[in-house]
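We did not get these values from a lab; they are worked out from the coordinates using the rules stated. Keep in mind that this is a model prediction, so the values were computed, not measured. FYI the Cβ positions are ideal-geometry reconstructions off the backbone, even for glycines, and counts take in every protein chain you see.
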Amino acid sequence: MRRALLLLVLFGPPVLASCSRDKAGNPADTTDPQVVILVPENGAEVIAGDNPIWARATDDHGIAKVEFYVDGGKIGEDTTSGGGNAYDYIWNAAGASPGSAHTIRVRAVDTSGNDAEASIAVTILHAGR
């Protein structure tokens with residue numbers, strides 16, 4: 001009994017290790033997806049109008065959605081891959097000032113809720129170029 005009390009004092013109560021499992025009893029998915037912005041390229045000049053944003057997102061269990069942000073504000077999302085793990089959204093930058101800099105961020109969320117992000121910087125094309 002003394003030995004058990006000494007162990008409790010030194011090491012605390014025993015902790016049972018457990019492996020997190022999903023509803024089907026499989027090991028839980030803890031791997032983040034991968035995402036990359038394909039269009040536009042980092043540092044690109046884009047028009048003050050409709051600009052396609054294309055991203056590729058992959059995951060070992062599947063992608064639930066890809067969210068698109070400009071300057072921190074969410075502008076939309078795509079929940080269906082157009083093939084080849086490609087996701088897209090059209091950013092209407094019609095009100096943006098020529099020469100203004102903007103950050104495009106894409107966030108991929110997998111079917112288990114894990115997420116990953118990629119971001120680039122673009123500049124609105126000056127008129128007459």
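Numbers at a glance
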quantity	calculated
Extension reserve of the Ser100-Glu117 stretch, reckoned as 0.36 nm per residue once the Cα distance is removed	3.8 nm
Glu45-Thr79 pseudo-label distance in nm [points 7 Å out on the Cα-to-Cβ vector]	3.9
Rounded, prolate or oblate (a/c below 1.5 giving rounded, otherwise prolate when a/b exceeds b/c) for the range 29-124 by Cα gyration tensor	prolate
Full-stretch length increase - Asn92, Val36 - with 0.36 nm per residue and alpha-carbon distance subtracted	18.1 nm
